[in-house]
1. Please state which one of 235, 228, 241, 180 is under 23 Å from residue 70 (Cβ atoms), in a loop (DSSP other than H, G, I, E, B) and in the same structural domain as residue 148 (by TED's automatic domain parsing).
2. All but one of (1) in contact with a strand residue (DSSP E or B) (Cβ under 8 Å, 6 or more places away or on another chain); (2) at positive phi hold for residue 227, so report the exception by its number.
3. So if I check each of 97, 118, 84, which one is out of contact with any strand residue (DSSP E or B) (no Cβ under 7 Å at 6 or more places or on another chain), modelled with pLDDT of 95 or more, assigned by TED's automatic domain parsing to the domain that holds residue 196 and surrounded by 15 or more Cβ atoms within 10 Å (Cβ to Cβ)?
4. Of all residues in region 1-16, which are at pLDDT 70 or above and surrounded by 13 or more Cβ atoms within 10 Å (Cβ to Cβ)?
5. Might you check whether a residue that is at pLDDT 95 or above, within 18 Å of the chain's Cα centre (by Cα) and loosely packed, with under 14 Cβ neighbours inside 10 Å occurs anywhere in region 254-265?
6. Read through the list (1) modelled with pLDDT of 80 or more; (2) out of contact with any strand residue (DSSP E or B) (no Cβ under 6 Å at 6 or more places or on another chain); (3) not assigned by TED's automatic domain parsing to the domain that holds residue 110, then give the number of the only condition that residue 65 fails.
7. Looking at residue 151 and the list (1) closer than 25 Å to residue 107 by Cβ; (2) free of Cβ contacts under 8 Å to residues at least 40 places away in the same chain; (3) part of a loop (DSSP other than H, G, I, E, B), which single condition is not satisfied?
8. Just need a number here: residues in region 134-148 that are over 29 Å from residue 268 (Cβ atoms) and either assigned to a strand (DSSP E or B) or modelled with pLDDT under 95 (or both).
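The values are calculated or read from the model by the stated rules, or taken from the named source; none is laboratory data. Model, not experiment: these values are computed from the prediction. We place every Cβ from the backbone using ideal geometry, glycine too, and count neighbours over all the protein chains shown.
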């Protein structure tokens, strides 16, 4: 076994046998002395890898039998991935509410803060997923950007482009030779000499759509390490989070037929004062 699993420290592997964490196909616990054939199947529990600590809390905005709506902080991924498992909104919330059925109905980038909606029951999950698939959810974001040296573009403005992604690419790819598949309306909340506080209405939900669209008109979001230029990988800087916030979700509830609206309790720290 130690030869077959050479990537695991032998003492760690043997200690898993001692703790009863290695079992046969029928569930029988195996010991260090159990003989194994070349074609025998075994099962063992993988230990979660060490991962960066994210000391920011997920705040509940709404909870009922079918839906959980939370404020996800900057730097916390919505789901496990990219070296994060325990430190993801999904795993934290499943543990907090002891509900393995919790499933995100949509997602935010790890760098983006704000509202995320989770399904709490498989029986009604499809109805809420259909809302997003049919673009029946009105999503409102806020962003803070620097004011370009040449001045602000005229707002409001609707940006349309064709965005794609490819395996291994960290950024959205703009294809000018294709019909638009992404659309964002940009409005000004407040503009000062050096900062612009913007309201964003995406009609579609492509990867990095808002970040790519704003960078494309010279309004790169403050704290963005991907747009307009891809910067070298660096540790998260709590003093410079991406200034992008999922502020509002609005839709007609598919179960009750009533309008519903949720608003974040978070704020963008770089937004100019009113």
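1. Numbers: 235 fails: under 23 Å from residue 70 (Cβ atoms); 228 fails: under 23 Å from residue 70 (Cβ atoms); 180 fails: under 23 Å from residue 70 (Cβ atoms).
Answer to the selection: 241.
2. It fails just one condition, (2).
3. 97
4. Passing the criteria: 13, 14, 16.
5. Yes, that holds for at least one residue.
6. (3)
7. Condition (1) is where residue 151 drops out.
8. Residues meeting the conditions: 0.
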